[in-house]
Amino acid sequence: MQWLVRFFTWWNGATLSTLLYTRLKGELVGNDQYGNAYYRTRGGRLDPALGFERRWVIYAGVAEGSMTPPGWYGWLHHTVDVPPTAEGYRPRAWELPYQPNMTGTPLAWRPPGSTLASGVRPPATGDYEAWSPNR
């Protein structure tokens, strides 16, 4: 059953075609603390269509882009040339640790005034005048 899920869905991990491409053309660069594996084109060859090497990640579990640590994010997006494993990367004080996306869950952030925040509508402030069809 797992192979069927892999064949038809991309959000439950790498698809079979991604795994095949990685096996044939990829070179493992390193892993992060979440178990994600980072790859580049074998030997660092440049892609003729792009003009730079391809870099990609195979997530451990559900494909969640916010689960990429800042050091690896910079490497994936060609902001830095050296992967975090090769340079002894340390996160800066302003780089926050990973937090899962809570959208659609009871733990999602609710802005002030949202009826979902407390279940009670905030009182009107007097800056609203109700529309009347007779005016």
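For mean projected area of the Cα convex hull in nm², the candidate list reads (i) 8.3; (ii) 7.8; (iii) 16.3; the entry that matches the value derived from this model is (iii).
Between 0 and 90 degrees, the angle of helix 16-25 with respect to the longest Cα principal axis of the chain falls at about 40 degrees. The apolar share of the surface of the chain, taken as the fraction of accessible area on carbon and sulfur atoms (1.4 Å probe, ligands and nucleic acids excluded), comes to 59 percent.
First check a/c for region 26-71, with a ≥ b ≥ c the square roots of the eigenvalues of its C-alpha gyration tensor; if it is under 1.5, answer rounded, and if not, answer prolate when a/b is larger than b/c or oblate otherwise. Prolate is the answer for region 26-71, as a/c is 1.5 or above and a/b outweighs b/c. In this Cβ point-charge picture (+1 for Lys and Arg, -1 for Asp and Glu), region 12-135 has a dipole of about 240 debye about its Cα centre. In the context of the full set of protein chains, residues of the chain present 78 Å² of accessible surface per residue (probe radius 1.4 Å, heavy atoms only).
Highest mobility in the GNM of the chain, judged by mean-square fluctuation with C-alpha springs under 10 Å and restricted to ARG110, ARG45, ARG55, is found for ARG110. If you run the Gaussian network model on the chain, springs between alpha carbon atoms under 10 Å, then out of PRO83, PRO112, PRO70 the most flexible one is PRO112.
The values are calculated or read from the model by the stated rules, or taken from the named source; none is laboratory data. Bear in mind that the values here come from a model prediction, so they are computed numbers and not experimental data. All Cβ positions, even for glycine, are placed from backbone atoms using ideal geometry, and neighbour counts span all protein chains on display. Each accessible area value is taken on the protein alone, full model and side chains, heavy atoms only, with ligands, DNA and RNA left out. Shrake-Rupley method; radii C 1.70, N 1.55, O 1.52, S 1.80 Å.
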